[in-house]
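Comments concern the structure below.
Every read-out reported here was derived from the displayed coordinates using simple, explicitly stated rules and does not represent laboratory data. Every value quoted in this text rests on a predicted model; they were computed, and no experiment measured them. Quick reminder, even Gly has a Cβ in these numbers, built from the backbone with ideal geometry, and neighbours come from all protein chains shown.
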Amino acid sequence: MKKILFIILSLALFTSCERKISEYAADKGSANFTTYISVGNSLVAGYADGALYHDGQIYSCPNLIAGQLQLAGGGAFVQPMVNSNVGVAIYPGVSPRLVLGYAADCQGNVGLSPVPAQGAMDPLAPVGYAVNNFGIPGAKSFHLIIPGYDTMNPYYARFARGLGGPVVSEFINLHPTFFTLQLGDNDVLAYALAGGSRDSITNPALFYFAMKTVLGSLLATGASGVMANIPDITNIPFFTTVPYDGLVIARQSLADSINMAMGFYGLPFHYVAGANPFLINDPSSPHPYFKVRQMQPGELILLTVPQDSMKCMGMGIINRATQLPYPIPNQYVLTLAEIAQIKAATTVFNTIIDTLATNHHVGLVDINSTLKQLSSESGIVWDGVHLDATFVTGGAFSLDGIHLTPRGNAVSANAFISAINQRFGSKIPYVDITKYKGVVFP
């Protein structure tokens, strides 16, 4: 079977042509950056490498934006900082952040792999001060309008000031003059991360109501700002690193023995030497006992799939202990039908976001187009730095394959700055991404 290396890294932005940092004097244009707040989910919070930790927050996208806005009159930007570079103990048994290190797989092969960081995690405790960054890991659009959300999400409970009220009720007391809004990713991502077997995609009517309410609450403070659309999350490394045909059979004689076994079980699957599709669960299979089938081109395997089980136990083909078909469970796979639902919902949600931005004269940050360019063969080149969506070597995605590295956040920040400059006639210099790192190698 093909050796699947469990490595991760990078993300980026904009166009395939090379981009340059700004060389002009900062100017606020028609915007007022005095009190800037950011609102959204884990991408806003600075979550990375599978955890919320101190350095991830330092290099969060809105914190980088705030640094550039300060060149044009922006004030201090306060974040609910975690006092650990390992993570925050948000609930018992929470995993520490991932770092790239050497580890042995079930076959005894040693290689670079994401491994848990060592050290103490920050205990869950209230921050105790007002913040500018309302990035809440796990938050969906409608979560921000639910009363008592601080009792449902411990990440928000760390810094919630208006206890018992919805998140949107806190904005007015901050007297913001400018905002960025990046929300809605989890309305499709949570479903995808569960392989379509748990959670659900948010109903479009609820999504519209929630996004309109959140945006309206921000505008009611008198602030102006920009909002981002939702990227096609099926292009991120979490879903693209393990190939659907990653079952590599070394020689035809072995493939013949597998074909014989499949014939014995009454399964019409044929295998050859070389790359073959993995076997997955399929409840619609006509077989009376084995509800399985081979994967189809375009279907996706999640990065959380137990790779040692695939390498040493035969997951994805035949169980080495029982000699029975051993499909990859549903929660680790996105089928073509599930991918179609995700893409359709993303299109609908982005239409809603675009309409809200247009109707309320809010700048639109086209993160979806940015990720499409990043996922292309050419990727993106910015200030001589190449970035793409390759798992460990791309330069923008962190070790969870979902969130960004500091360098990826710098590119994302530049997408926001571009939209700000276009909407408000401002001249905010771009972030110099060469100053920020991707995945750190040992």
Worksheet, complete the sentence: Among L124, Y326, G74, the residue whose Cα sits farthest towards the positive end of the charge dipole of the chain (+1 at Cβ of Lys and Arg, -1 at Cβ of Asp and Glu, taken about the Cα centre) is L124
Practice prompt. Could you pull out every residue, at least 5 positions away or on a different chain, whose amide H is within less than 5 Å of the one on L247? Hs are placed 1.01 Å off N in the peptide plane, and Pro or chain starts have none.
Written response: N276, F278
Worksheet item: Could you give the dipole magnitude of the chain about its Cα centre, charging the beta-carbon of Lys and Arg +1 and that of Asp and Glu -1, in debye to the nearest 20?
Response: 140
Worksheet entry | Extension gain from A76 to L254, taking 0.36 nm per residue of separation minus the Cα-Cα distance | 57.7 nm
Worksheet entry | Gyration tensor (alpha-carbon) shape descriptor, segment 212-339, a/c threshold 1.5 | prolate
Worksheet item: So what is the relative contact order for the chain, in percent, with contacts set as C-alpha pairs under 8 Å and at least six apart?
Response: 28
Item to complete: Beyond 32 Å between alpha-carbons counts as too far, so tell me which of K28/K343; K28/K212; K28/K435; K372/K427; K291/K311; K140/K437 fall in that bin.
Response: K28/K343
Fill in: Identified option (computed Rg and Dmax of the Cα atoms in Å; candidates (1) 21.1, 69; (2) 23.0, 74; (3) 26.7, 99)
(2)
Worksheet, complete the sentence: Note: probe point = Cα of D432 + 7 Å toward Cβ; backbone nitrogen < 14 Å; residues of segment 64-78 passing the test are 68
Practice prompt. Set the Förster radius R0 to 30 Å, insert the Cβ-Cβ distance between A220 and T358 as r into 1/(1 + (r/R0)^6), and round the FRET efficiency to 0.05.
Written response: 0.95
Item to complete: Provide the packing ranking of 215-228, 313-326, 404-417, 33-46, i.e. peptides ordered by the mean count of other C-beta atoms within 10 Å per residue, highest first.
Response: 404-417, 33-46, 215-228, 313-326
Worksheet item: By per-residue mean of other Cβ atoms within 10 Å, what is the highest-first order of 259-271, 234-246, 48-60, 179-191?
Response: 179-191, 48-60, 234-246, 259-271
Worksheet item: Which one of F178, P147, V115 has its Cα pushed farthest toward the positive end of the charge dipole of segment 77-184, where Lys and Arg give +1 and Asp and Glu give -1 at the Cβ?
Response: F178
Discussion item. Using +1 at the C-beta of Lys and Arg and -1 at the C-beta of Asp and Glu, which of I58, A25, G314 has the Cα lying farthest in the positive direction of the dipole of the chain?
Written reply: G314
Discussion item. Between segment 288-324 and segment 111-160, what is the separation of their alpha carbon centroids in Å?
Written reply: 34
Fill in: Model label zone, V115; criterion: amide N under 15 Å from point 7 Å along Cα-to-beta-carbon; scope segment 83-101
96-101
Discussion item. Please list 3J(HN,Hα) in residue order for segment 419-427, calculated via the Karplus relation 6.51 cos²θ - 1.76 cosθ + 1.60 where θ = phi - 60°; whole Hz, with x for glycine and proline.
Written reply: 5, 5, 4, 5, 6, 10, x, 8, 10
Discussion item. Using 0.36 nm times the number of residues separating K372 and A273, minus their current alpha carbon distance, what extension gain do you get?
Written reply: 32.3 nm
Item to complete: Show the residues, 5+ positions off or on another chain, whose built amide H is closer than 5 Å to the amide H of S426.
Response: S30
Worksheet, complete the sentence: With only helices counted (DSSP H, runs n ≥ 4, each -39500 (n - 2.57)), the per-residue ellipticity at 222 nm for the chain, to the nearest 500, works out to -8000 deg cm²/dmol
Fill in: Label-reachable residues, segment 82-100, where backbone N falls under 20 Å from a point 7 Å from T151's Cα toward its Cβ
91-92
Worksheet item: Between S30 and Y102, 0.36 nm times their residue separation minus their Cα-Cα distance comes to what?
Response: 20.8 nm
Discussion item. 5 Å is the cut-off here: which amide hydrogens, built 1.01 Å from N in the peptide plane, fall below it relative to V333, excluding neighbours closer than 5 in sequence?
Written reply: L302
Practice prompt. Quick one: what are the phi-derived ³J(HN,Hα) couplings along segment 374-391, Karplus 6.51/-1.76/1.60 with θ = phi - 60°, whole Hz, x for glycine and proline?
Written response: 4, 7, 6, 4, 7, x, 10, 10, 10, 6, x, 9, 8, 9, 8, 9, 5, 3
